[in-house]
Amino acid sequence: MNPSHPASTPSSQPSLDAEKAPASSRRSAAIDWMRGLVMIVMTLDHASHAWNAGRLVTDGVTLYVPGQPLPGAQFWARFITHLCLPMFMFLSGVSLCISTESRVARGESPRQIDRHLLGRGALLIVLDWLWMSWVWSPREGLMLGVLSAIGLSIWAMTALRRLSSRALLVIAALWLLGSELLCGLLYSIEGPISRFAVGFLCTGRHFHDVHIMVTEPMVPWFPLMLFGWLCQRHILSQPRPVPRLLALAALSLFVFVVVRAENGYGNMRLLRVDSSLVQYLHVSKYPASLTFVTLELGLGLLVFAAFVAIAARSQGTKTRLDATLLLGQTSLFYYLVHVHLLQLAAWATGQQQASTLLTTVGATGLTIAVLYPLCWGFRALRRRHPHSILRHL
């Protein structure tokens, strides 16, 4: 999903019908392929949340007891879905940069662009509160999840986009490296204000007294939007981006290996108990650690680099990856519908978090099959009405 990207903007749509598409169109196709793949993987995670009795959620120091078994199938089913949120934020930054620079090229004023970004962020937050809350947390009140994290990050970019690329890179790097230090400092301060700041900004928390549940705080994820913005500006917009993407992926994975091997700062206190592969990959998502972000960013960039290379070689002709193109182009619409479909189906059958992993995989495939024609119809409707409210979905 990449809600920050106005998918109906003609300049941002892949042009796969041309015999030889321009480089920008081919890379737009790669972005949508990546986004579509993330939607598929995300469906597995949310199907597991709805159906899977054995769902493994041990990716945080408060969620894992050292020595607790990590069943293979359940661990890998959880692990592959970790790609989703980091790549959501990264692709949001990529698309936000494309959209903003397109508006600058069209002659829009800074105030007009700011108004667009503030409105876009507000829309995502409102959708999270009014549409996603009742299905994710029907008895808990308002929820601030993925859409809220992206919306708040877009608000932050309203100001930060004016800074130089060097300044943004420094902010992103320091923000990523310092997230654990910030969490520790806030934890060390006693009082309701510090507890609110920790829960709202860093770790997530259920605030019972005000009926608000924060599941995806902004602080750990915002640097990925900055990296996506910078990647679009200095890598994807340049000739031969694949070697640079691979170099960035290698750097990210190198940082992961070093920090995870040291088994100290950067792991959000979810330390390895041995040197097995599973323990190396069992990193903290709640709250997100440096090891989690660098591992998932590195893996995601490897896949994305492959998509960019395939798009360049395809020269605008059809490929088998086009099956994911539709989901990438309608990602926000898909996101807003698929969770409700999964949860309502689990409730209706009495199998909510009471079934097997095999059933979860089946529910994932069935959900994609049901929503695919709906996404096709929605995309066609949006193209027929490019200036309607549908362009925001």
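Here the Gaussian network model covers the chain, with springs between Cα atoms less than 10 Å apart; of Pro220, Pro241, Pro71, Pro71 fluctuates the most.
Relative contact order of the chain: 32 percent, from C-alpha pairs under 8 Å at least 6 residues apart in sequence.
Packing around the peptides 271-282, 117-128, taken as the average count of other Cβ atoms within 10 Å per residue, puts them in this order, highest first: 117-128, 271-282. Sorting 145-157, 255-267, 303-315 by average packing, meaning the other beta carbons within 10 Å per residue, from highest down gives 145-157, 303-315, 255-267.
The shape of region 10-392 comes out rounded: with a ≥ b ≥ c from the C-alpha gyration tensor, a/c is under 1.5.
Cysteines in the chain that lack a partner Cβ within the 4.7 Å cut-off: Cys84, Cys97, Cys231, Cys375. In sequence order, region 247-260 has phi-based couplings of 5, 5, 4, 4, 4, 4, 5, 4, 4, 4, 4, 5, 5, 5 Hz under the Karplus curve 6.51 cos²θ - 1.76 cosθ + 1.60, θ = phi - 60°, and Gly or Pro positions carry x. The listed peptides 325-337, 163-175, ordered by packing as a protection proxy, come out as 325-337, 163-175 (highest mean of other Cβ atoms within 10 Å first). Prolate is the label for region 231-270. Its Cα gyration tensor axes, ordered a ≥ b ≥ c, give a/c of at least 1.5 and a/b above b/c.
Close amide H pairs (under 5 Å, H built 1.01 Å from N) link Phe207 with Ile212, Met213, Val214, residues at least 5 positions away or on another chain.
Our estimate of slack between Leu277 and Phe196, defined as 0.36 nm per intervening residue step minus the Cα-Cα distance, is 25.6 nm. Sequentially through region 150-164, phi angles give Karplus couplings (6.51, -1.76, 1.60; θ = phi - 60°) of 5, x, 5, 5, 5, 4, 5, 5, 4, 8, 5, 4, 7, 7, 5 Hz, Gly and Pro residues having no value and appearing as x.
Does region 245-393 classify as rounded, prolate or oblate by the C-alpha gyration tensor (a ≥ b ≥ c root eigenvalues; a/c under 1.5 gives rounded; else a/b over b/c gives prolate, otherwise oblate)? Oblate is the answer for region 245-393, as a/c is 1.5 or above yet b/c matches or exceeds a/b.
Read the figures in this text as sums done on the coordinates, not as results from a lab. Only a predicted model underlies this, so the values are computations on that prediction, with no experimental measurement involved. When we count neighbours, we look across all protein chains shown, and the Cβ atoms used for this are built from the backbone with ideal geometry, even at glycine.
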